[in-house]
Structure formats: structure tokens, C-alpha cells
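Engineer: Mind having a look at this structure? Questions to follow.
The values are calculated or read from the model by the stated rules, or taken from the named source; none is laboratory data. Note that this is a predicted model, so its numbers are computed, not measured. When we count neighbours, we look across all protein chains shown, and the Cβ atoms used for this are built from the backbone with ideal geometry, even at glycine.
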Amino acid sequence: MADLTQSPSPIRTLWERIDKVVLTGLAIVAALALLDTPATIPVLEETLAHFGGTLPYILFAVLAIGVMKASGSERLLDGAFQGREARMILLAALVGGLSPFCSCQVIPFVAALLAAGAPLSAVMAFWLSSPLMDPAMFAITAGGIGFDFAIAKTASAVVLGVAGGFAVKWFSASPIFADPLRMDTAIGGCCGAKKLSLNWQFWGEAERRGVFGSAVWSNLLFLGKWLMFAYLLQALLIRYVPADLIAGLVGGEGLAPIVIAASVGAPAYLNGYAAVPLIAGLLEQGMSQGAAMAFVIAGGISSIPAAVAVWALVKPRVFAVYLGLAICGAILAGTAWGAFA
């Protein structure tokens, strides 16, 4: 019998190993050098200058993540989904808005909660707040846009989680939430590291030191490539997109710019960290504060990693509620922040 197994081609193997974010950035620089050679050096200088200004925040963020992983302090979150439903909703929103969970970690965590019988209301509160803020995101946002904006986004994440959780609780008897889960919720995430027991003096154990080093290095590469790519886009945006165009679409007062920003943010979001310098550039070009908040809220919740985490576990009608809450919450958060700012 002939052996039908085929080894992957070298070209395909090489393509799978290439980092697509880095490749796209290099392609943009090459196209810029070809089409507008005099602008290449100024764009690269501006990109590196902005990246250098954010580097201290990146280092702080990755060190904080490394300490949290190595010390096992994630276990402090285990008690959030126990007790009365209203208490679970409040704690789930706080945990989601402040915890360092990445989108791939959310899938097995929520799958375990749902399998254990945690109410969908508390899970929805966690789902809505989790993609919007974490310690690293707070540091990057504070450095790139402003401390006040970072505080407001954190508050918006928690409030949106609480509101969404209670909305699901109040309408739990609706046919929309009847039998909400897909058949198979035993889904594994891409983050396969086990959760360690709590020990703040982690440097005394070789395994924990390894976890710390791995977490710092992987997150440094992740944040570094995305932010470098984003600052490149920011430099191109400021150089080639007229400020009058940005101001005309999402600038000025009123509800219209906020609604447009929330609607555009949902499908156009790249990455939570990459969005920070892009929003900073849009604000320089005339984007209103309310529109900026609406963009990051709607985009963060509906980004592909966050949306996939929800889609993988619940039926389409519940997923539609998730997106609807994201858009409505983004518009309300943008309106409130616009009025305050």
C-alpha cells in the first residue's frame, strides 16, 4: 500500500513560522521607500521616537505580568464566582476589568465556570469587562493617551460589565437565554501553562523563575511588535490623512461622532495595545474624546480574540446580545466621557 502521508512543503512551513505582524510592517516600510522615498526616514524616526517614549510603560507592564504569573496571584480570582448572583456579577465585572487574562485564557476559564453551573449573567459581566482592561493595558493607555483616559476606560469596563450582567439576569427567562450553550464546552485555550499556588516569594523556586522569564519575554515580544507596528501606522496616519477629514467624521460635539466611532471600532479594531497609539494619532487629528472612548470600548469587546472566546461557547443569539451590549455600552461610555472631558 502506498504511503499517503505527506510532509508539509518547506515554503508552507516557512510561511507559518513568519510573524505576520512583522512581515506586514516591513512590507509597509518597503512600499513607503518605493513610493515616497523622502518620507521614509522621517516616518521611521517618528515611529522609533514614540516607541521609545512608551518603552518604560511596556517594561513595567511585562514585569507586572511576570510577577503575577510566577507568584500564582491569579488564584486570588478563584472566589469571584461563588455566592449570590448579584454578588457574582459585581465581582465578575471587577475581576474582568482588572485581571491579566488574555483572550485565549478566557475560553477555558469561562468553559469551566459554565460547566460548573455559574450563571450566565456573571459570565457575561466577565466577558464584557475582560477584553477592555488589564494592568498592561492600563500602563500602555496611560502612557500613550493619558492617565485620565485610562481611569475612565477602566471605570467604563467595570460599569459595562455590571450593566450587562444584570441585563442578562433580568431577562434570563427570555427565550434568547434558554439553553444558551453550545453542545461542547470542553475547549482548551492556547495558554497551556498551569496555574501555580500562591507564593509571592517566587524567586526561590526554579519553576517559578522559569515562568517569570517566559512570561516577561513572550509579553515583551508581543507588546513590542504590536506597538512598533501601531506607531508606524500612527506616523503614516498623521502624515497622509488630512486632519480635516478625521475632524469631519469623528470630531466635534454631539452624538453622531460617538455613534460613528463605536460602529467603526467594532469591525476595524486591530489589537487593544495597537489601538492606543492609533487613537492618540486620531486625537491629534481632531477626533473627539467621546468618539475615542466609544472606539476603544466597542473595538475591544468585539475584537477577534474576544469575540471568538464568546462565539466558541454560546449560541449565536447569545453572541448577538454580547455584541449589542458592546455597541450600546460603547456609545453610553463615549457620551459620558465626552461630557466629562
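Engineer: Could we say that S130 is surrounded by 19 or more Cβ atoms within 10 Å (Cβ to Cβ), within 11 Å of the chain's Cα centre (by Cα), modelled with pLDDT under 70 and among the polar types (S, T, N, Q) here?
Structural biologist: No, not satisfied.
Engineer: Filter segment 45-83 down to the residues that are among the small types (G, A, S) and modelled with pLDDT under 75, then identify the one that is farthest from L220 (Cα to Cα).
Structural biologist: In this case the residue turns out to be G83.
Engineer: Moving to a separate point now. Checking the condition assigned to a helix (DSSP H, G or I), modelled with pLDDT under 75 and buried (at least 23 other Cβ atoms within 10 Å of the Cβ), which residue from L245, L232, L223, L282 passes?
Structural biologist: Matching residue, one of L245, L232, L223, L282: L223.
Engineer: Within segment 160-210, how many residues turn out to be modelled with pLDDT under 85, among the aromatic types (F, W, Y) and within 25 Å of the chain's Cα centre (by Cα)?
Structural biologist: 0
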